[in-house]
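Working notes, beginning with the structure itself.
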Amino acid sequence: MFVLIGIVLVIGAILGSYVAMGGKLGVLVQPFEFTMIFGSGAAAFLFSNTKPLVEGAFGRVGGLLK
């Protein structure tokens with residue numbers, strides 16, 4: 001529960017600050033950039049760690065969201 005609250009607060013603070021400084025939210029919508037960043041981060045995590053560690057990490061993601 002605290003993880004979700006933290007995520008919402010971080011995203012709210014970032015977007016709120018951006019809009020307060022005159023930024024336009026439409027500029028932030030870049031689906032291909034998200035795909036590149038997320039994909040490269042996931043790939044780096046996979047080849048940088050051992051198989052048991054990766055399996056353990058993915059197994060605990062569901063527990064974080066409960």
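Here are the numbers for the structure shown:
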| quantity | calculated |
| --- | --- |
| Hits in region 1-19 - residues which are aliphatic (A, V, I, L, M) and loosely packed, with under 10 Cβ neighbours inside 10 Å | Met1, Ile5 |
| Unique residue being small (Gly, Ala, Ser), more than 26 Å from Val61 (Cα to Cα) and modelled with pLDDT of 95 or more when the list is Ala20, Ala13 | Ala20 |
| Matching residues in region 22-66 - criterion: being over 30 Å from Met1 (Cβ atoms) and among the basic types (Lys, Arg) | Lys24, Lys51 |
| Qualifying residues in region 25-38 (those that are loosely packed, with under 11 Cβ neighbours inside 10 Å and β-branched (Val, Ile, Thr)) - the one modelled with the highest pLDDT | Thr35 |
| Criterion: without any contact (Cβ under 8 Å) to a residue 24 or more places away in the chain, surrounded by 10 or more Cβ atoms within 10 Å (Cβ to Cβ) and not hydrophobic (A, V, I, L, M, F, W, C) - qualifying residue of Gly41, Gly22, Gly62 | Gly41 |
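The values are calculated or read from the model by the stated rules, or taken from the named source; none is laboratory data. Computed from a predicted model, the values in this text were never measured in an experiment. Reconstructed Cβ throughout: ideal geometry from the backbone, glycine too, with neighbour counts over all protein chains shown.
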